[in-house]
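J.: Questions regarding the structure given below will be posed in turn.
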Amino acid sequence: MSRLRRREALRADLRSRDLDALLVTDLLNIRYLTGFTGSNAALLLHACGEDGTVFCTDGRYRAQSERQVPGLRRVIERGSDRRLAREARDAGVGAVGFESHVVTVDEYEALADIAGAQRLHKASRLVEQLRQVKDAEEIGALRAACVAADTALAGLLAEGGLRPGRTEREVARDLEARMVQAGAAGPSFETIVAAGAHSAVPHHRPTDAELRTGDFVKMDFGALVDGYHSDMTRTVVLGEAADWQRDLYSLVAAAQAAGRTALRSGTEVRDVDTAARTVIDGAGHGEEFPHGLGHGVGLAIHEAPTLSQLGAGTLESGMAVTVEPGVYLDGRGGVRIEDTLVVGDGDPELLTLTTKDLVVA
């Protein structure tokens, strides 16, 4: 879907809501609709078409915006949102939606002083709803991000990067460097490397703790390519695995497989979570699976939809999500297995291809 088609889809949504325009101020949403990657911008997207639509950024991005935002009227001014509020007022635009989930109270008051409070209407997450279903270009970027992460982990394992004596922090930095070498702009988020008892902490931050023989080592990481994020978790054992480690790993692997099997268009997001959670509950470890099953990925590392008991809605073909059950035994260790996948009418497309068999490094 071209960016013009994305804007047209949003216009149809605005018309269905009796909104004459939408003031877009979230930078990820602006990138999605225009391709602009700078740090200051706003977009006044008119429901009637391209002619009434205005993009605004400041003088630092004059040349960049000319290149990245062709075909739209551009205005150069530092206070982008305020300038476009004046544009809406002066053009007599009636009902202007604003992104109420990102606009602060102070920002709203400033916009209302310019445009008039009666003109502004809450319009929360309209672009984010469109972003849930990825087009071919977006899925291509996600594939490339997953390849970079897979390549990095394969190199780390093949070259002995997981060994006793290395620290969690060293392994994390090594993985991040390898993702860049594999074509990523950088990591999707701060890499998690958690060894031994630390692997029982779902979002442990790497420390100078050393890896030891017999440890679970949990690695949660991703690569950033063309603005799109991958997300993968693999848990390995250093040296010979104990029976309890093999049993725990097998349980999480079975739950992850159940979640992947349930992942198809038309399925309620809660039902996908339930499919995996039932496996873990049945083994008596429900309390040790304290988070949701997964989340959407794209321009943000965490975006809609949410696969959890608190989630709402149904999956659609083209949604990119994670499936990441985990069981965490306090003081002993934990396992999480996570993939990035694209929902289809049948089986989902698996983007993270590193083996899910228990690796003993």
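J.: Considering only the stretch 67-85, I want to know if a residue exists there that is over 28 Å from the mean Cα position of the chain (by Cα), without any contact (Cβ under 8 Å) to a residue 12 or more places away in the chain and surrounded by fewer than 22 Cβ atoms within 10 Å (Cβ to Cβ).
T.: Checking the stretch 67-85: at least one residue is over 28 Å from the mean Cα position of the chain (by Cα), without any contact (Cβ under 8 Å) to a residue 12 or more places away in the chain and surrounded by fewer than 22 Cβ atoms within 10 Å (Cβ to Cβ).
J.: Among the candidates Arg178, Arg143, single out the residue that is at pLDDT 95 or above, more than 30 Å from Leu4 (Cβ to Cβ) and either out of contact with any Asp or Glu (no Cβ under 7 Å at 6 or more places or on another chain) or not assigned by TED's automatic domain parsing to the domain that holds His229 (or both). Can you show your working first?
T.: Values: Arg143 fails: more than 30 Å from Leu4 (Cβ to Cβ).
After ruling out the rest, the residue left standing is Arg178.
J.: Select the helices (runs of 4 or more DSSP H) contained entirely in the stretch 1-84, then report the ones holding at least 2 residues which are in contact with a helix residue (DSSP H, G or I) (Cβ under 8 Å, 6 or more places away or on another chain).
T.: 3-16, 27-34
J.: Which one of these does Gly161 not meet: (1) outside any helix (DSSP H, G or I); (2) over 24 Å from the mean Cα position of the chain (by Cα); (3) surrounded by fewer than 17 Cβ atoms within 10 Å (Cβ to Cβ)?
T.: (3)
J.: Tell me, which residue of the stretch 146-162 that is among the small types (Gly, Ala, Ser) and touching a Lys or Arg at 6+ places or on another chain (Cβ under 7 Å) is nearest to Arg173 (Cα to Cα)?
T.: So the residue we want is Ala152.
To keep it simple, each residue is scored yes or no on (1) surrounded by 19 or more Cβ atoms within 10 Å (Cβ to Cβ); (2) of a type outside the set (Gly, Ala, Ser); (3) in contact with a Pro (Cβ under 9 Å, 6 or more places away or on another chain).
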residue: Asp106; (1), (2), (3): no, yes, no
residue: Leu120; (1), (2), (3): yes, yes, no
residue: Arg125; (1), (2), (3): no, yes, no
residue: Glu138; (1), (2), (3): yes, yes, no
residue: Cys146; (1), (2), (3): yes, yes, no
residue: Leu153; (1), (2), (3): yes, yes, no
residue: Met179; (1), (2), (3): yes, yes, yes
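J.: Now for a separate question. Determine whether the stretch 97-116 contains at least one residue that is over 24 Å from the mean Cα position of the chain (by Cα), in a strand (DSSP E or B) and among the β-branched types (Val, Ile, Thr).
T.: no
The values are calculated or read from the model by the stated rules, or taken from the named source; none is laboratory data. If you're wondering where the values come from, they're calculated on a predicted model, not measured in any experiment. Note that each Cβ is placed from the backbone with ideal geometry, even for glycine, and that neighbours are counted across all protein chains shown.
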